[in-house]
Structures are given as C-alpha cells and as structure tokens.
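K.L.:
For reference, the structure I am asking about is given below.
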Amino acid sequence: MTVERALRLIAGLFILASVALGIYVNPNFFWLTAFVGANLLQSGFTNWCPMMALLRKAGLPQRA
C-alpha cells in the first residue's frame, strides 16, 4: 500500500465516521468533517499533508 492510497483510505474513514457520529451522537462531530475537508483542500494547493508525513515515517512506500 502506498502513502497516497493510505491517505485516501484514512480521509474517507474519518469523513464517514465523523458524519455518522454527527448524526447519531452529537452535531459537533461535523467540525471534524470540516477539518478533514479543509485539510484535503489545502493539500491540493500545497501538495503537503501532515498525515502523509506520518505515513512516510511509518514506513509506507511513496510509489508501488
């Protein structure tokens, strides 16, 4: 699994989990959804994401 693929999986998991928590537990969890979306947006402009740095340090390969 590459860094890019793991990043997409983690972002999707966080978004789905925060939406479910926002609906069933507390609407304040929607702030987590907004944070993940804003992070993806800035990553698209800057080509840098904190989660990518963590995944690289964890040893995931950059390319397949």
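Since every read-out is calculated from the coordinates, none of them should be taken as a lab result. Values in this document were obtained by computation on a predicted structure and should not be read as measured data. Neighbour counts are summed over all protein chains in view; Cβ atoms, including those assigned to glycine, are modelled from backbone coordinates with ideal geometry.
K.L.:
Residue by residue through the stretch 51-64, which ³J(HN,Hα) values in whole Hz follow from phi under the Karplus form 6.51 cos²θ - 1.76 cosθ + 1.60 (θ = phi - 60°), with glycine and proline marked x?
P.N.:
Taking θ as phi minus 60°, the curve returns 5, 5, 5, 5, 5, 5, 5, 6, x, 6, x, 5, 9, 6 Hz for the stretch 51-64.
K.L.:
A further question follows. Please report, in whole Å, how far the alpha carbons of the chain spread along each principal axis, starting with the longest.
P.N.:
Rounded to whole Å, the extents work out to 38, 23, 16 Å.
K.L.:
Further question on the same structure: Rank-order 55-63, 15-23 by packing density, defined as the average count of other C-beta atoms within 10 Å over each peptide's residues, highest first. Kindly include the intermediate steps, with their values, before the conclusion.
P.N.:
Working: 55-63: 11.0, 15-23: 14.3.
My ranking of the peptides, most packed first, is 15-23, 55-63.
K.L.:
What angle, in degrees between 0 and 90 and rounded to the nearest 10, separates the Cα long axis of helix 30-46 from the longest principal axis of the Cα atoms of the chain?
P.N.:
Around 30 degrees separate the two axes.
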